[in-house]
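Have a look at the structure below before the remarks.
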Amino acid sequence: MSTASNLEKVLKAGNFAVTSECGPPRGADPEVVKKKGSLLAGYVDAVNVTDNQTSVVRMSSLSASLILKAMGLDPVMQMVCRDRNRIAIQSDVLGASALGINNILCLSGDHQKFGDHPTAKNVFDIDSMQLIQCIRQMVDDGRFLSGEEIKGKPDLFVGCAANPFADPFEIRAMRLAKKAKAGAQFVQTQCVFNAEKFGKWMEMVRDLGVHEKVYILAGITPMKSAGMAKYMKSSVPGMDVPDDLIRRMQDTPKEKQAEEGIRICLEAIEKIRGIKGVSGIHIMAIEWEQMVPEIVRSAGLYPRPQS
Amino acid sequence: MIVADRKPFEEIIEMLKPYSSILLLGCNECVTVCAAGGAKEVAVLASEIKLFRAKEGKPVEIKEVTLERNCDPEYVEALKPFINDFDVVLSMACGCGIQFVGEHYRNKIVLPAVNTTFYGVTEQHGMWAERCQGCGNCVLDRTLGICPVTRCAKSIFNGPCGGSQGGVCEVDKDTPCAWQLIVDRYKEMGMLDRYLEIQPAKDWSTSRDGGPRKRIREDLKI
């Protein structure tokens, strides 16, 4: 079965896919989303729209997805389990499909402790695994989680995330196998800075045959400065930034660090493309979306396949 | 046991402002074990309040009573002969005890002197930690004795999330990742293949989400 998703078409045709990300603004101005969207248009196959990432209140993922959709982009609506119970989740899935959203990414969500409302109550009625199952059941069987029939079933290409760098490492490939078994059709990974460890993870993924069940897109994040590299290593949970990479950034004069960051990112893309079982990249240029076209061009991934 | 923490002294003093005679209640059960509201803590708090109020020029009379239990009618009854001699009751029992005494003596206000926090264990002397949330539908058989509802900050049934690093939860560096513990346990018991089982969405209706819970044993009713 296929959906109207451009991302699904690109992947099924055997192309190396490129996705990127758009973090909605902390306000109601649609122009911010449009600006980010226009930077990415034509250079990516789909754009993830984050769902109150790092637990900071932002414009809703569905709203920002719609703005991008109207611009001709193919949004991947992210959905976390932190803020909604199974009733709200399924309701939003129906709404998203009704409004023409084709892709959904299932996540547990960052704990609210890290956000701007640390005193909030969290939900976590279901987890990301159960969210994948729930949406696939809605899409494939036309049934709600309760088992009741849906009149007018939603149509969505269902994705998930994976962090090859979190612990315990030995179950990380098994965890993706579980997500594939739950029904995930594509996966976008945490930022790959440690290509060697990513390669090891992919080896374990291939041993389980998971790369044949789910399209794997490796996460890529260009680093703007040595400061950012250090911050990501020390302050972002589950992030693996090797010391030699930080040293390389530190040894570069400040005004050339951004350039060096892009070079490192392109080298990573090159390495990742050589790994068997990787179907694409997911570029997370955090508040640096204007660099995405250059990265895509320099990596030889432009033009993108026409839908 | 039910674990509690004494409230900050300033908060207690503020609550007591309108009153000049206090019945200070302790409990011999859980709050004694976790050193929050037993006879010893009652004595300490009573002296602190008396000293503070004397210094303020508003002395206060305090009677210290520590019941065997505050959650059983037969023990709560013991307060009857003297509870009305006091303006207010300040209780160091857990949230259950505080409410139960109030239900029995409706003309008295019962103030909390502790914050009731969790059901836990004594991990070591002077250190208590949460183990159960009373979800009403135990899954410890599936996770080999480690509760994902309680011990995972996100109550994830198919963990660990991407924030587990070095065996520690992303939320607090002193909290072990519940799913690291579960995976370690699977390995210890030679049952790592069980990790591949997908745990389905939980039925929360047996938990607090289903409304206040009650247990009735007809055979034990008098």
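Taken together, the values in this text are just the output of simple stated rules run on the coordinates, not laboratory data. It should be emphasised that the depicted structure is a prediction, and the values quoted were computed from it without experimental measurement. Here the Cβ is made from the backbone with ideal geometry for all residues, glycine too, and neighbour counts use every protein chain on show.
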Taking the stretch B:187-208 and keeping residues surrounded by 13 or more Cβ atoms within 10 Å (Cβ to Cβ) and facing chain A (nearest Cβ under 9 Å) leaves B:187, B:192, B:195, B:196, B:198, B:199, B:200, B:201, B:202, B:204
Given A:239, A:204, A:284, A:223, which one is within 14 Å of another protein chain (Cβ to nearest Cβ), in contact (Cβ under 8 Å) with a residue 40 or more places away in the chain, within 20 Å of residue B:165 (Cβ to Cβ) and touching a helix residue (DSSP H, G or I) at 6+ places or on another chain (Cβ under 6 Å)? A:239
Pick from the stretch B:166-190 the residues that are within 18 Å of residue B:149 (Cα to Cα) and assigned to a loop (DSSP other than H, G, I, E, B): which of them is farthest from the chain's Cα centre (by Cα)? B:167
What is the number of the single condition among (1) buried (at least 16 other Cβ atoms within 10 Å of the Cβ); (2) within 7 Å of another protein chain (Cβ to nearest Cβ) that residue B:147 does not meet? (2)
Would you please name the residue that is nearest to the other protein chains (Cβ to nearest Cβ), looking only at residues in the stretch A:161-183 that are of a type in the set (D, E, K, R) and under 23 Å from residue A:234 (Cα atoms)? A:167
Residue tally, condition under 13 Å from the mean Cα position of the chain (by Cα) and free of Cβ contacts under 8 Å to residues at least 40 places away in the same chain, over the stretch A:38-60: 3
Taking the condition over 16 Å from the mean Cα position of the chain (by Cα), more than 10 Å from every other protein chain (Cβ to nearest Cβ), under 27 Å from residue A:110 (Cα atoms) and not charged (D, E, K, R), does residue B:107 pass? no
Among the residues of the stretch A:53-84, count how many are touching a Pro at 6+ places or on another chain (Cβ under 9 Å) and crowded, with 24+ Cβ neighbours inside 10 Å. 4
Among the residues of the stretch A:287-307, which ones are free of Cβ contacts under 8 Å to residues at least 60 places away in the same chain and of a type in the set (A, V, I, L, M, F, W, C)? A:299
Taking the stretch B:97-154 and keeping residues more than 27 Å from residue A:130 (Cβ to Cβ) and assigned to a helix (DSSP H, G or I) leaves B:97, B:98, B:99, B:100, B:101, B:102, B:103, B:104
Just need a number here: residues in the stretch B:177-186 that are in contact (Cβ under 8 Å) with a residue 24 or more places away in the chain, within 11 Å of chain A (Cβ to nearest Cβ) and either of a type outside the set (A, V, I, L, M) or surrounded by fewer than 15 Cβ atoms within 10 Å (Cβ to Cβ) (or both). 3
Of all residues making up the stretch B:126-144, the number that are crowded, with 20+ Cβ neighbours inside 10 Å and of a type in the set (S, T, N, Q): 1
Does the stretch A:96-109 include one or more residues that are within 13 Å of residue B:154 (Cβ to Cβ) and not hydrophobic (A, V, I, L, M, F, W, C)? yes
Please return the ranges of helices (runs of 4 or more DSSP H) entirely within the stretch A:54-160 where 3 or more residues are within 14 Å of chain B (Cβ to nearest Cβ). A:86-98, A:128-136
I need the full set of residues from the stretch A:248-291 which are of a type in the set (Ser, Thr, Tyr) and within 19 Å of residue A:304 (Cβ to Cβ), in order please. A:279
Scan the stretch B:103-113 for residues that are out of contact with any Ser or Thr (no Cβ under 8 Å at 6 or more places or on another chain) and touching a residue at least 12 places away in the same chain (Cβ under 8 Å) and report the count. 5
Qualifying position, being closer than 24 Å to residue B:17 by Cβ, of a type in the set (A, V, I, L, M, F, W, C) and touching a Leu at 6+ places or on another chain (Cβ under 9 Å), among B:76, B:42, B:114: B:42
State yes or no: is residue B:216 crowded, with 20+ Cβ neighbours inside 10 Å and without any contact (Cβ under 8 Å) to a residue 24 or more places away in the chain? no
Residue count, the stretch A:18-33, condition touching a helix residue (DSSP H, G or I) at 6+ places or on another chain (Cβ under 6 Å) and either on the phi > 0 side of the Ramachandran plot or surrounded by fewer than 18 Cβ atoms within 10 Å (Cβ to Cβ) (or both), comes to 2
Going through the stretch B:38-71 one residue at a time, which ones are over 28 Å from the mean Cα position of the chain (by Cα) and of a type in the set (Val, Ile, Thr)? B:60
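Table: residues versus (1) more than 12 Å from chain B (Cβ to nearest Cβ); (2) closer than 30 Å to residue B:156 by Cβ; (3) touching a Lys or Arg at 6+ places or on another chain (Cβ under 8 Å).
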residue: A:186; (1), (2), (3): yes, yes, no
residue: A:195; (1), (2), (3): yes, yes, yes
residue: A:212; (1), (2), (3): yes, yes, no
residue: A:218; (1), (2), (3): yes, yes, no
residue: A:233; (1), (2), (3): no, yes, no
residue: A:251; (1), (2), (3): yes, no, no
